[in-house]
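*Asks:* Below you'll find the structure I mean.
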Amino acid sequence: MLLLITVGCYALWDSGQVVKAADAHHYEVYEPYEEHEGHSFAELQAINPEVFAWLTVYGTHIDYPVEQATNNMKYISTNAEGKYSLTGGIFLDAANRQDFTSFPSILYGHHMEKQAMFGEIGNFSDKTYFEARRYGMLYFDGQEHGLEFFAFVQADAYDRKVFKGDTIEVTDRETYLALLRSRALHTREVAVSAEDRIVLLSTCSDASTNGRDILVAKITDEVYPNPFGDQAEADNHPPVVDDLAGWWAQTPWWVKTMLLSLGLFLLALLVWSIVKKIRGRNQPTRLEPDAVVKQP
């Protein structure tokens, strides 16, 4: 029992450390939007030359550097500083161009607890949440660009109609935009044409095994102000799903299994001790036979 409790406590602590490492505040000293004392975006690029952009989604904790490798596996377990990490990083599809002229451009990130990485993308499935968060910012090529989110889509990870390569023909681009809107759970009236640059923010979905939650944005030259201000976003928007679910809903399944098993074991031990005590009371007293005295 003590061993199980010790292992469980360590697992919870270790899980907390992983989430802490993925917190956006870990990278805020490198933000390119303003210079920080002793740190800069260029310094992060010197640490990891594959960092080339920065993504911010207003009204969320999504505020991370963006990387791109020669494959789509590296940043699943490598962070923005180029170190091994279960948190991974936010990365651009290896087949896309870094000026975001690919149609579409796709950014990937892990769906993590505690609002880390792309853990809040799924919250856009709520229409009120989607409507309240219209803008973001994308920094690349040395300047800031606006993001205007116009659709939230749920798709299968192997759906090649959604996760497709660069579309060149204008008619094919228009067909693709129509597909996104038809598949969307929520849309917004935003003028988007085949000449625009669009980006998909993709992460795993809770809805199905291979499901993906996708937030779709139009990249603009206009930089939109942050309607949530400079304060921590967590203080400026209603509680998200994780806040409402409670600690039990946020607990990993294996920890739940361990705790339930431990509880059942303790319950069985208690029942066994009670039954044993009752049986002991009801059993008749055993009389010892008289000692046989041997005659000399």
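The values are calculated or read from the model by the stated rules, or taken from the named source; none is laboratory data. Quick caveat: nothing in here was measured; it's all calculated off a predicted structure. Here Cβ is always computed from backbone atoms with ideal geometry, including for glycine, and neighbour counts include all displayed protein chains.
*Asks:* Among the listed residues R197, R133, R173, which satisfies the condition of being over 18 Å from Y224 (Cβ atoms) and out of contact with any Asp or Glu (no Cβ under 8 Å at 6 or more places or on another chain)?
*Replies:* Result: R173 is the single residue among R197, R133, R173 that is over 18 Å from Y224 (Cβ atoms) and out of contact with any Asp or Glu (no Cβ under 8 Å at 6 or more places or on another chain).
*Asks:* Which of the numbered conditions does E67 fail, given that it passes all the others? Conditions: (1) within 23 Å of Y224 (Cβ to Cβ); (2) buried (at least 22 other Cβ atoms within 10 Å of the Cβ).
*Replies:* Against the list (1) within 23 Å of Y224 (Cβ to Cβ); (2) buried (at least 22 other Cβ atoms within 10 Å of the Cβ), E67 comes up short only on (1).
*Asks:* Identify the single condition in (1) within 24 Å of G88 (Cα to Cα); (2) outside any loop (DSSP other than H, G, I, E, B) that D159 does not satisfy, given that it satisfies every other one.
*Replies:* Evaluating D159 over (1) within 24 Å of G88 (Cα to Cα); (2) outside any loop (DSSP other than H, G, I, E, B) leaves (2) as the failure.
*Asks:* Within region 22-40, is there a residue that is modelled with pLDDT of 90 or more, of a type in the set (G, A, S) and either under 20 Å from the mean Cα position of the chain (by Cα) or within 16 Å of G146 (Cα to Cα) (or both)?
*Replies:* Scanning region 22-40 turns up no residue that is modelled with pLDDT of 90 or more, of a type in the set (G, A, S) and either under 20 Å from the mean Cα position of the chain (by Cα) or within 16 Å of G146 (Cα to Cα) (or both).
*Asks:* Would you call T175 of a type in the set (S, T, N, Q) and closer than 13 Å to L215 by Cβ?
*Replies:* Working: of a type in the set (S, T, N, Q): yes; closer than 13 Å to L215 by Cβ: no.
So T175 does not fit the description; no.
*Asks:* Quick one: in region 186-204, of everything that is within 17 Å of R160 (Cα to Cα) and of a type in the set (S, T, Y), which residue is farthest from the chain's Cα centre (by Cα)?
*Replies:* Residue satisfying both the conditions and the ranking: S202.
*Asks:* Now for a separate question. Of everything in region 113-138, what is assigned to a loop (DSSP other than H, G, I, E, B) and either over 13 Å from the mean Cα position of the chain (by Cα) or over 14 Å from Y64 (Cα atoms) (or both)? Give them in sequence order.
*Replies:* Those that are assigned to a loop (DSSP other than H, G, I, E, B) and either over 13 Å from the mean Cα position of the chain (by Cα) or over 14 Å from Y64 (Cα atoms) (or both): E113, K114, D126, R133, R134.
*Asks:* Across region 212-243, what is the total count of residues that are at pLDDT below 95 and not in a loop (DSSP other than H, G, I, E, B)?
*Replies:* 6
*Asks:* Please give the number of the condition T56 fails out of (1) modelled with pLDDT under 95; (2) part of a strand (DSSP E or B).
*Replies:* (1)
*Asks:* Do you know which residues across region 189-226 are closer than 23 Å to H111 by Cα, in contact with a strand residue (DSSP E or B) (Cβ under 9 Å, 6 or more places away or on another chain) and exposed (fewer than 11 other Cβ atoms within 10 Å of the Cβ)?
*Replies:* D206
*Asks:* Moving on. Filter region 140-191 down to the residues that are more than 21 Å from L55 (Cα to Cα) and aliphatic (A, V, I, L, M) and list them by number.
*Replies:* The answer is A155, A157, V162, I168, V170, L177, A178, L179, L180, A184, L185, A191.
*Asks:* Mind checking whether some residue in region 183-197 is aliphatic (A, V, I, L, M), closer than 23 Å to T60 by Cα, modelled with pLDDT of 95 or more and in contact with a helix residue (DSSP H, G or I) (Cβ under 8 Å, 6 or more places away or on another chain)?
*Replies:* Among the residues of region 183-197, at least one is aliphatic (A, V, I, L, M), closer than 23 Å to T60 by Cα, modelled with pLDDT of 95 or more and in contact with a helix residue (DSSP H, G or I) (Cβ under 8 Å, 6 or more places away or on another chain), which makes the answer yes.
*Asks:* Is it the case, given these coordinates, that R173 is free of Cβ contacts under 8 Å to residues at least 40 places away in the same chain, not aromatic (F, W, Y) and not in a loop (DSSP other than H, G, I, E, B)?
*Replies:* So R173 fails the test.
*Asks:* Which members of region 64-105 meet the condition of being polar (S, T, N, Q), without any contact (Cβ under 8 Å) to a residue 24 or more places away in the chain and either under 30 Å from V170 (Cα atoms) or not in a loop (DSSP other than H, G, I, E, B) (or both)?
*Replies:* Answer for region 64-105, where residues must be polar (S, T, N, Q), without any contact (Cβ under 8 Å) to a residue 24 or more places away in the chain and either under 30 Å from V170 (Cα atoms) or not in a loop (DSSP other than H, G, I, E, B) (or both): N71, T78.
*Asks:* Looking at the structure I just gave you, is F149 more than 17 Å from Q98 (Cα to Cα) and either part of a strand (DSSP E or B) or in contact (Cβ under 8 Å) with a residue 60 or more places away in the chain (or both)?
*Replies:* Against the criterion (more than 17 Å from Q98 (Cα to Cα) and either part of a strand (DSSP E or B) or in contact (Cβ under 8 Å) with a residue 60 or more places away in the chain (or both)), F149 qualifies.
*Asks:* Checking the structure you have, find out if any residue of region 154-166 is under 18 Å from D99 (Cα atoms) and either buried (at least 16 other Cβ atoms within 10 Å of the Cβ) or among the small types (G, A, S) (or both).
*Replies:* Checked against the condition, which is being under 18 Å from D99 (Cα atoms) and either buried (at least 16 other Cβ atoms within 10 Å of the Cβ) or among the small types (G, A, S) (or both), region 154-166 yields at least one hit.
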